[in-house]
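Take a look at the structure set out below.
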Amino acid sequence: MTFLSILCALLIEQLKPLRADNLIYAEIKSFAMRMEGWFNAGDASNGRMGWVLVILLLVGPTGLISWLLYNYQLVFIAFAWNVLIVYLTLGFRHYSHYFSSIQGALSAGDEAGARALLAEWARIDTVGMEASEVARIAVEKSLVTTHRNVFGVFFWFLIIGPAGAVMYRVSEYLARAWNEPDHMRNEAFGQFAARAFYWIDWLPVRLTAVAFAVVGNFEDAIYAWRNFAHRWSDEARGIILSAGGGAMGVRLGTPNENASKVLPPDAATVDSTYSEVEVMPGEEPNARALQSTVGLVWRALLLWMLLLLLLSGAVGLANIGQVAT
């Protein structure tokens, strides 16, 4: 049922994408803002209490409904519930129109249009930004967004069902909403939300990186992951971008992140000014890199679905064997 639920949700989203500013998301965001207003007294313990309460109020009912449906063997309703939750928590098509439009603008040589689209999507200042920088940021945002809106959801839905998918998306949102806005940065209130999502996302991030490596250039992906991921201040982002960039043969990250000066072991005795630059493998991002990103994401998605199908088949055969005995 897990495989079919995800497959149906993906097909529905392809036909009827859920808008990123839909009513359900807006209500959850409003609820999170109210909770922050009620609990934020400048203390980390208040942030922990607020996070736990939000998770319980949103994840608890989801899990309870799933349990009741399975407990009373309402199979078809339980299947529909699974599809609905996956559809609501997935975000495969939320921002794909931005990415496609930026790709089309860069391919047509419309750098101004590409900058405007990127500014609207990423909410950053793109004035005077070169085409390679626009391509790089678009690729990076696409890889990170795909992981958090698709692969992370898949993992937790597979582990604990609809409640897991809701927990992942809500915890990801709280980690951003309670830390990234200007008025929340460096505040103690959001520390627990960020740390909680770090651990919730710890394994999914690495599985996504492995998937990128398997469906792309494996050696370069693993090399970049091992040698460059730690140069990003955000560990999860570093793993995804280094592995994804290596898999595509595209150099992602800022100059400080994808290159550094490395002294040889005997540099101090030979020449203290000697240094060599270790550069992340790959080419500078361009319009073709965006097309490579689309291919990488779809191949990784097919890999996840294939593994899920095999796992579902193995579980089904095991259940049949138990019934037979």
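The values are calculated or read from the model by the stated rules, or taken from the named source; none is laboratory data. Since this is a predicted model, take the numbers as computed values, not measurements. Here the Cβ positions follow ideal geometry from the backbone for every residue, glycine too, while neighbour counts run over all protein chains shown. To get the accessible areas, we keep the full protein, side chains included, count just its heavy atoms, and leave off ligands, DNA and RNA. Shrake-Rupley method; radii C 1.70, N 1.55, O 1.52, S 1.80 Å.
A few comments on the model shown:
- The chain, dipole about Cα centre (Lys/Arg Cβ +1, Asp/Glu Cβ -1), debye to the nearest 20: 1060
- Degrees separating the helix 191-200 axis from the principal Cα axis of the chain, which is the longest one: 80
- Gaussian network model of the chain, Cα within-10 Å springs - most flexible of Ala20, Ala300, Ala211: Ala20
- Loop-resident sites, segment 116-192, for GluC sites (Glu not before Pro), counting at most 14 other Cβ within 10 Å (DSSP): Glu130
- Rounded to the nearest 10 degrees, the inclination of helix 2-15 to the longest alpha-carbon principal axis of the chain is 70 degrees.
- Between His97 and Arg19, residue separation times 0.36 nm minus the direct Cα-Cα distance comes to 27.0 nm.
- Expected 222 nm ellipticity per residue - DSSP helices of 4 or more, -39500 (n - 2.57), all of the chain, to 500: -23500 deg cm²/dmol
- The chain - percent of accessible surface contributed by carbon and sulfur, probe 1.4 Å: 62
- Charge tally in the Cβ shell below 11 Å around Ser292, where Lys, Arg are +1 and Asp, Glu are -1, Ser292 excluded: +1
- Ligands, DNA and RNA are left out, and with a 1.4 angstrom probe the accessible area of segment 145-217 is 38 Å² per residue.
- Computed over the chain, the range of Cα coordinates on each principal axis works out to 74, 53, 48 Å, biggest value leading.
- Here segment 103-176 is assigned +1 on the Cβ of each Lys and Arg and -1 on the Cβ of each Asp and Glu. Its dipole about the Cα centre then comes out at about 380 debye.
- Against the rule of thumb 2.2 N^0.38 Å, how large the Cα Rg of segment 25-150 comes out: 1.47
- Net charge, Ala188 excluded, C-beta distance under 11 Å - Lys, Arg +1, Asp, Glu -1: -1
- Degrees, to the nearest 10: 287-324 long Cα axis against longest axis of the chain: 30
- Sites counted here are chymotrypsin sites (Phe, Trp or Tyr not before Pro) in a DSSP loop (not H, G, I, E or B) having no more than 12 other Cβ atoms within 10 Å; the longest part of the chain that contains none of them is 73-273.
- Residue among Leu90, Pro162, Gly282 farthest towards the positive dipole end of the chain, charges placed on Cβ: Pro162
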